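The values are calculated or read from the model by the stated rules, or taken from the named source; none is laboratory data. Predicted model, so just to flag it, every value in this text is computed and none were measured. Every residue, glycine as well, gets a Cβ built from its backbone with ideal geometry; the counts of neighbours run over all protein chains shown. Side chains are part of the model used for accessible areas, which takes the heavy atoms of the whole protein and leaves out ligands, DNA and RNA. Shrake-Rupley method; radii C 1.70, N 1.55, O 1.52, S 1.80 Å.
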Amino acid sequence: MNRELMDTALHHIPIAERARKLGAWERRVTILGSTGSVGCNTLDLIERTRLAAGADGEHVFAIEALTAHHNVDLLIEQAKAFQPKMAVIGDESLLPRLREGLAGTQTQAAAGANALLEAASRPADWVMAAIVGAAGLPPTLTAVKRGAHVALANKECLVCAGSLLMDEVATSGAVLLPVDSEHNAIFQVFDYEHPETVDGLILTASGGPFRTWSTAQMRVATPEQAVAHPNWSMGAKISIDSATLMNKGLEFIEASHLFPVDPSCIEVLVHPQSVIHSLVRYVDGSVLAQLGSPDMRTPIASALAWPERMPAPSARLELGEIGQLTFEKPDLSRFPALSLARQSLQTGGGAPTILNAANEIAVKGFLDRRMGFLDIAAVVEETLDHLCRGQGGPRLNNFNDVTQLDALARTHAASCVVKRAKE
Ligand code: NAD
Ligand code: MG
């Protein structure tokens with residue numbers, strides 16, 4: 001094969017396979033949100049790979065860029081250990097501290113929204129989108145636009161701009177690798193060669209810390225009780241989303257964009273042990289599942305090595321010791337956020353954008369102790385009612401429309417929080 005043809009052919013071979021064909025390989029990685037729970041787990045896997053390779057071994061992963069919002073000390077520590085080309089702190093007031101911490105290293109220090117976009121546009125093969133909230137959309141979009149392999153943890157991106165983002169994925173040739181454990185599970189067992197044989201998806205949910213609580217108990221729940229997830233250790237926002245079941249609602253919307261399945265064929269099932277991470281139903285009655293201990297390093301490793309596999313230190317699944325796997329239907333009257341999310345997808349247009357933005361504001365209002373736990377879903381509902389007025393969601397023609405609607409929903413939701421704080 002001549003050189004040009006070989007380059008073209010190589011371009012179509014997924015990255016890990018390409019690397020294998022070329023012998024020794026190095027994958028350049030950027031982590032957006034490296035100081036968070038998913039970001040730290042990703043670096044933990046990369047660090048273990050380095051240690052396993054030994055001092056003289058090939059470095060399988062090289063870090064192109066790391067980004068964080070406020071936690072400058074951890075970012076400096078990570079940059080010193082992993083030597084990225086660039087380290088970005090969102091909060092510009094922390095740039096002098098970052099510069100000082102990285103003095104004498106080869107890492108360029110930068111700050112602010114444009115630097116975040118620059119980090120995402122650098123030539124990494126693989127980008128972990130692990131920023132929390134709609135704030136992760138611009139850099140994730142930048143990585144998608146240049147056709148990178150994007151490991152997607154930041155589900156809010158797909159909730160607030162799903163169709164527009166998926167259109168960009170299709171035109172740029174980017175590869176979206178789902179990292180959310182449920183979507184990663186489905187990704188692993190979905191028959192992409194015969195999608196017509198898929199009958200539906202079942203997203204499992206742990207049920208969160210309030211699975212067995214009454215509405216009266218939840219009314220007086222504290223932030224400490226709500227973030228104490230029974231199975232997973234995660235950032236504060238997703239932990240609250242798990243307690244309200246909004247997380248499963250966001251994941252329902254995320255799944256509707258990631259997989260070629262009608263939303264009416266996506267079910268949610270509460271499975272308190274978090275061992276079965278999700279399931280795919282096939283037309284012949286077969287139901288395929290992916291199982292594992294609840295440790296995000298398994299889905300992250302699956303995306304990091306895709307389409308191959310790499311070792312992860314997650315505890316070995318011992319079903320004999322677990323003994324029982326149980327299932328129950330979600331209680332929509334105690335957890336209205338799940339219904340709100342499903343309805344917003346049905347409403348269409350920008351309704352999910354409103355839902356997501358209002359939820360971010362409401363979760364913050366609860367974490368700041370300005371209102372109660374049950375107020376979270378109430379604020380989201382009030383904001384959706386106000387901005388959709390019983391009609392379809394506002395039309396989203398482009399990403400500017402998403403930004404504007406997101407801001408509008410935040411303003412209204414913030415006024416709902418103020419109202420509740422005064423009560
Ligand atoms: P986290 O709060 O622990 O970390 C968030 C990261 O994003 C941090 O590095 C922070 O510095 C950065 N960040 C926060 N706000 C930012 C902003 N405005 N601009 C730029 N950077 C910002 O969150 P997490 O638990 O790691 O979750 C990250 C994403 O992954 C979320 O979308 C979450 O829903 C999803 N997710 C997380 C888990 C988990 O186990 N933690 C599982 C599945 C999906
Ligand atoms: Mg999940």
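In the stretch 91-144, how many residues are part of a strand (DSSP E or B) and over 22 Å from the mean Cα position of the chain (by Cα)?
Of the residues in that region, 4 qualify.
Only one residue in Ile361, Ile354, Ile376 is of a type in the set (A, V, I, L, M) and either more than 24 Å from Leu141 (Cβ to Cβ) or open to solvent by 50 Å² or more (accessible area, probe 1.4 Å) (or both). Which one?
Among Ile361, Ile354, Ile376, only Ile376 is of a type in the set (A, V, I, L, M) and either more than 24 Å from Leu141 (Cβ to Cβ) or open to solvent by 50 Å² or more (accessible area, probe 1.4 Å) (or both).
Search the stretch 248-265 for residues that are within 9 Å of Leu158 (Cα to Cα) and hydroxyl-bearing (Ser, Thr, Tyr) and pair each with any residue that is away from ligand 2 (no atom under 11 Å from the Cβ) and at pLDDT 95 or above when their beta-carbon atoms are under 7 Å apart and the residues are at least 6 apart or on different chains.
Pairs that qualify, where the first residue is within 9 Å of Leu158 (Cα to Cα) and hydroxyl-bearing (Ser, Thr, Tyr) and the partner is away from ligand 2 (no atom under 11 Å from the Cβ) and at pLDDT 95 or above: there are none.
How many of the residues in the stretch 132-154 are open to solvent by 10 Å² or more (accessible area, probe 1.4 Å) and either within 16 Å of ligand 2 (Cβ to nearest atom) or of a type outside the set (Ser, Thr, Tyr) (or both)? Spell out the reasoning first.
We begin by selecting, within the stretch 132-154, every residue open to solvent by 10 Å² or more (accessible area, probe 1.4 Å); these are 132, 134-135, 137-138, 141-142, 145-147, 149, 153.
Of the ones still in play, those that are also either within 16 Å of ligand 2 (Cβ to nearest atom) or of a type outside the set (Ser, Thr, Tyr) (or both) are 132, 134-135, 137-138, 141, 145-147, 149, 153.
So the count comes out to 11.
Show the residue pairs meeting these rules: Cβ distance below 7 Å; 6+ apart or different chains; first residue within the stretch 166-177 and in contact (Cβ under 8 Å) with a residue 12 or more places away in the chain; second residue crowded, with 18+ Cβ neighbours inside 10 Å and aromatic (Phe, Trp, Tyr).
Listed by first residue and then by second, the contacts come to Leu177/Trp306.
Mind checking which residues of the stretch 27-45 are under 18 Å from Pro311 (Cβ atoms) and more than 9 Å from ligand 1 (Cβ to nearest atom)?
If the condition is that a residue be under 18 Å from Pro311 (Cβ atoms) and more than 9 Å from ligand 1 (Cβ to nearest atom), then Arg27, Val29, Thr42, Leu43, Asp44, Leu45 are the ones that fit.
Taking the stretch 173-207 as the search range and keeping residues that are part of a helix (DSSP H, G or I) and surrounded by fewer than 16 Cβ atoms within 10 Å (Cβ to Cβ), which one is farthest from ligand 2 (Cβ to nearest atom)?
Across the stretch 173-207, the extreme among qualifying residues is Glu196.
Out of the stretch 139-151, which residues are within 14 Å of ligand 1 (Cβ to nearest atom) and touching a residue at least 60 places away in the same chain (Cβ under 8 Å)?
Scanning the stretch 139-151 gives Pro139, Thr140, Leu141, Ala143, Ala151.
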